[in-house]
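Structure record follows, encoded as structure tokens.
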Amino acid sequence: MKRGVKKQNAITGSIRVISGKWRGRKLPVLEAQGLRPTTDRMKETLFNWLMPYVNESRCLDMFAGSGGLGFESLSRHASSATFIELDKIAAKLITSNLEKLKVEDQQTQVIQGNSLEVCSRLNQSFDLVFIDPPFNAGLVPKAIDVINQNNLVLTQSVVYIECEAQNQNYQVPDNWQCIKEKSTQNVSSKLFIVS
């Protein structure tokens, strides 16, 4: 009689790097609950917004998932990227994809754990922060608070927030100014600059 085997999350999809040194490269991604890689179309819009800010930036991909936003930033010559991901298999896959792309270790850090807890322990600041948590989990306000309370952004840092459209009325610190935004029926995307 076979014992019940816990079903592993399946690596069933891929993301594509849109531009930069890895343009066109496809990377495997995990199919797991709450993991929704940013679409190519939205990534293109976002990185058009970010064009003046990515080069030589220190990035934080706070709810990394597939790591797509961090990979895109590194492809476009960000100086470093820190990926935080709760799902162990997804975090391992980010590490594996970084190895495939031959990214130098000092350029990246992959941390498996709860983003809010990890960010409260980070001892550095970032030029570019991606907040794109699982939908309907109420994480955006908490992420904003932890970033602000732990001084993870400085003057001229940019913060991208993607969330479900019905929850886009979150509060940001007074020194965060919205410089770009786009909404669809389901998704709200906003880019803030810290003054």
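The modelled label-to-label distance between Met42 and Gln124, using points 7 Å beyond Cα along the C-beta direction, is 2.7 nm. Treating r as the C-beta distance of Asn114 and Arg23 and R0 as 41 Å, the FRET efficiency rounds to 0.80. Among the trypsin sites (Lys or Arg not before Pro) in region 98-195, those placed in a DSSP loop whose Cβ has at most 11 other Cβ atoms within 10 Å are Lys102.
For region 160-195, the residues whose amide N sits under 16 Å from a probe point set 7 Å from the Cα of Asn136 along the beta carbon direction are 163-168, 186-188. Each of Val187, Ser96, Cys163 was placed along the dipole of the chain (beta-carbon charges, centred on the mean Cα), and the one lying farthest toward the positive end is Ser96.
A convex hull fitted to the Cα coordinates of the chain yields 131 cubic angstrom per residue.
On a per residue basis, region 25-131 carries 46 Å² of accessible surface, using protein heavy atoms and a 1.4 Å probe.
By how many nm would the segment from Gln168 to Lys100 lengthen if fully extended, with 0.36 nm per residue of separation less the alpha-carbon distance?
Values: separation 68, 0.36 × 68 = 24.48 nm, distance 3.62 nm.
In short, 20.9 nm is gained.
Can you tell me the accessible area per residue over region 149-195, all protein chains present, probe 1.4 angstrom, in square angstrom?
Working: 2610 Å² over 47 residues.
Per residue, region 149-195 has an accessible area of 56 Å².
Restricting the GluC sites (Glu not before Pro) of region 47-145 to loop positions (DSSP other than H, G, I, E, B) with no more than 14 neighbouring Cβ atoms within 10 Å leaves Glu56, Glu104.
Just the protein heavy atoms count here, and of the accessible area of the chain at 1.4 Å, carbon and sulfur take up 45 percent.
The values are calculated or read from the model by the stated rules, or taken from the named source; none is laboratory data. All values derive from a computational prediction rather than experimental measurement. For neighbour counting, all protein chains shown are included, and Cβ atoms are generated from backbone atoms with ideal geometry for every residue, glycine included. Surface areas here come from the heavy atoms of the whole protein model, side chains and all, with no ligands, DNA or RNA. Shrake-Rupley method; radii C 1.70, N 1.55, O 1.52, S 1.80 Å.
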